[in-house]
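Data block below; observations after.
The values are calculated or read from the model by the stated rules, or taken from the named source; none is laboratory data. It should be emphasised that the depicted structure is a prediction, and the values quoted were computed from it without experimental measurement. In this analysis, Cβ positions are derived from the backbone assuming ideal geometry, glycine residues included, and neighbour counts consider all displayed protein chains.
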Amino acid sequence: MSTVATASDPTRHFFQPVIVCLTVASVALTLFVIWISLHDLSLMRAGREKFVGLDNYIRFLGDPRAMAALWRTVLFTTLATVIEIALGLAVVLFLDRNFAMKRLVRTLLLVPIIMTPVVVGLTWRFLFDSATGMANYLLSLVGIAQVDWLGSPRIALFAVLIADIWQWTPFVILLVMAALESAPTDPLNAARVDGAREWQVTWYVLLPMLRRALAIVALIRAIDSIKAFDLFYIMTRGGPALSTETLNYYGYIVAFTNFDISYSLAIAIILTIFTNVALLTMYSVLFPKTGDR
Amino acid sequence: MAQLSIRSVSKSYGAVQVLDDVSVEVEEGSFVVLLGPSGCGKSTLLHAVAGLNPIDSGTIVIGDRNVTNLPARDRDVAMVFQSYALYPTMTVAQNIAFPLKMRGLDRRTSDEKVAGVARLLQIEPLMSRLPRELSGGQRQRVAIGRALVRDPRLFLFDEPLSNLDAALRTELRAEIKRLHQSIRRTMVYVTHDQTEALTLADKIVVLKAGKIEQTGTPLSLYDDPDNAFVAGFIGTPRMNFLKATVADDGKALLAGEARVDITHLATRLENGRAVTLGIRPEHLDEKDGVTLSLSVDVTERLGSTSYVHGALASGESVVAERREDQPGFGETITLRFQPTRARVFDGEGSRIR
């Protein structure tokens, strides 16, 4: 579409005001948030805030609790994304293109996605209950001792991770399945005739064709994992001993428990910058400007 | 010895029988075309030969090996697909080198072979491009290159020209013919286009609904069809079929006002029997012989010749070639043909010789 055509396109009267409103709103809010983050606004001392410059950002760098939360966010996002993609892809490749009861399976896959995080969190909290939970009961059947899933600082983060994987791997499966269905089958047959074994067909021909879909799913999952809040809130509330406190959750605590609004917003901005840098890096690796696609 | 033997191969999808006891022998170095309308099972048969479709019963032998139960990769065949089936994420060079890579050939030999094929098919400037940056004709050339590069026992072509425009199709058709003449390898080619079949084949196998209708050289199928299906399927414009009855103690056929002498037939036909008379458009423009009068609807002028579409007094529509004049709409012209040119078919469409 040429720029001339766009300029004379009457539909712009509908979408341009919307774009202007959204832009103004987001720019104004961002600037307002940055402005507040440069003060020391606290609900405990309402009306006595003053400009403090970059103090809140410097405080973040020296805050061990914040740094630990940042590291936990990175760990959780990386593990969740990698495991969900790998597991989802494995399931899709394992299930054939046309297996019996495909429609039923596809419907069942939607259940965890549709379920509200509160229900998912509560369900997994019951499953992981160290005294009465199903998880420990199943482990006891194979002779493994009780695990304090949500009570042990070393394990709790992984317990939440398992719940996240349970809820979001089906999403990966659905998207990759759709990509697989729209991929042409002739190149796969051509590779078989050309002498490729089944794993070679998958590795050299099928996976490269699915790369774009996988990259997009990975981006979506990474963004969601960084922002994850509800599962943590329901299952652990950041505990035990802060062992499941992500940066997002820490920001919430600072704002709504400590009422330190300015510092909380500084954390939110740092998380935003961090997310953007990480995702842009990921994007440029997954979609190189030169080369295919 | 035959390079490819397909022996009594049958296959069905549920209740639909797509291949019904099909047997084909392909001689070493020959070019065999599987010809038929869509849904006749020709592609299924080719995929079965390639090892991409399992068969229900029968045997497939390539060279001296029974490959019926071997996977595609062990059959030593190369295939060119209608959709080109290039690997979308690989460059042209990587596409052509793929079969060599799968066979573990070292990089230098592989590069040399790929370069050789590129030279043969004149696709050298395209080597670093991706398939989606190529035109249809270029893609099909690359696909042919990928088949050529590893010197297989058998080349399979699955309607390779169907997705190309008419001019390119003619050009690539000639190129495939030239390729076959220069490398003299065994090729099996599937098409629904009888022109492709007639121009390329040493031998044509005509399939219909999973069964072989007739096997023979292009000219034998054209001159001496076994049944009305083959007679109608091969040749453009298609053969005219007229209703006729036997008269004069089996010595002649009556078709409308025309009386056609059939004393040259070996079979004696009883009086009054209903048969079908087949006569090709190009045999209706003789100086003398049996006459039919045609009232003209449309004349197609092709330059060197013309085709006249019209109806006989009986209402049957007929297409006739006309080399001398181009009659217009509403004119009535006289068609003449030699009785020996007529082909006679019985009620089931089988040829009466």
Q: Within the stretch B:207-224, identify whether any single residue is under 26 Å from residue B:28 (Cβ atoms), touching a Ser or Thr at 6+ places or on another chain (Cβ under 7 Å) and not aromatic (Phe, Trp, Tyr), and answer yes or no.
A: no
Q) If you check A:190, A:178, which single one turns out to be within 14 Å of chain B (Cβ to nearest Cβ), assigned to a helix (DSSP H, G or I) and hydrophobic (A, V, I, L, M, F, W, C)? A) A:190
Q. Considering only strands (runs of 3 or more DSSP E) fully contained in the stretch B:178-266, which possess at least 1 residues that are modelled with pLDDT under 90?
A. B:240-247, B:252-255, B:258-261
Q. Which residue out of B:207, B:161, B:179, B:198 is in contact with a Pro (Cβ under 8 Å, 6 or more places away or on another chain) and assigned by TED's automatic domain parsing to the domain that holds residue B:81?
A. B:198
(Q) Give me the residue from the stretch B:43-71 that is of a type outside the set (S, T, N, Q) and over 25 Å from the mean Cα position of the chain (by Cα) and, out of that set, nearest to the other protein chains (Cβ to nearest Cβ). (A) B:71
(Q) Take the conditions within 30 Å of residue B:16 (Cβ to Cβ), surrounded by 21 or more Cβ atoms within 10 Å (Cβ to Cβ) and free of Cβ contacts under 8 Å to residues at least 24 places away in the same chain and apply them to residue B:214. Does it pass? (A) yes
Q: Could you look through the stretch B:267-305, keep only residues that are outside any loop (DSSP other than H, G, I, E, B) and of a type in the set (Asp, Glu), and pick out the one that is farthest from residue B:232 (Cα to Cα)?
A: B:297
Q) Restricting attention to the stretch B:124-146, which residues are aliphatic (A, V, I, L, M) and more than 14 Å from residue B:161 (Cβ to Cβ)? A) B:126, B:127, B:130, B:134, B:142
Q) Is at least one residue of the stretch A:94-102 on the phi > 0 side of the Ramachandran plot and part of a loop (DSSP other than H, G, I, E, B)? A) yes
Q: Evaluate the stretch B:102-115: report whether one residue or more is within 14 Å of chain A (Cβ to nearest Cβ), touching a strand residue (DSSP E or B) at 6+ places or on another chain (Cβ under 6 Å) and either surrounded by 14 or more Cβ atoms within 10 Å (Cβ to Cβ) or among the charged types (D, E, K, R) (or both).
A: no
Q. Given the residues B:97, B:118, B:93, B:78, which is the only one that is in contact with a Phe, Trp or Tyr (Cβ under 6 Å, 6 or more places away or on another chain) and either away from chain A (no Cβ under 13 Å) or of a type in the set (A, V, I, L, M, F, W, C) (or both)?
A. B:78
Q: State which residue pairs qualify: first residue more than 11 Å from chain B (Cβ to nearest Cβ) and part of a helix (DSSP H, G or I) and inside the stretch A:194-220, second residue surrounded by 18 or more Cβ atoms within 10 Å (Cβ to Cβ) and aromatic (Phe, Trp, Tyr) in any location, beta carbons under 9 Å apart, and separation of 6 or more residues or different chains.
A: A:217/A:171; A:220/A:171
Q) In the stretch B:323-347, how many are assigned to a loop (DSSP other than H, G, I, E, B) and touching a residue at least 40 places away in the same chain (Cβ under 8 Å)? A) 4
Q. Of the residues that make up the stretch B:72-94, is at least one of a type in the set (Gly, Ala, Ser), more than 18 Å from residue A:197 (Cα to Cα) and either in contact (Cβ under 8 Å) with a residue 40 or more places away in the chain or not assigned by TED's automatic domain parsing to the domain that holds residue B:27 (or both)?
A. yes
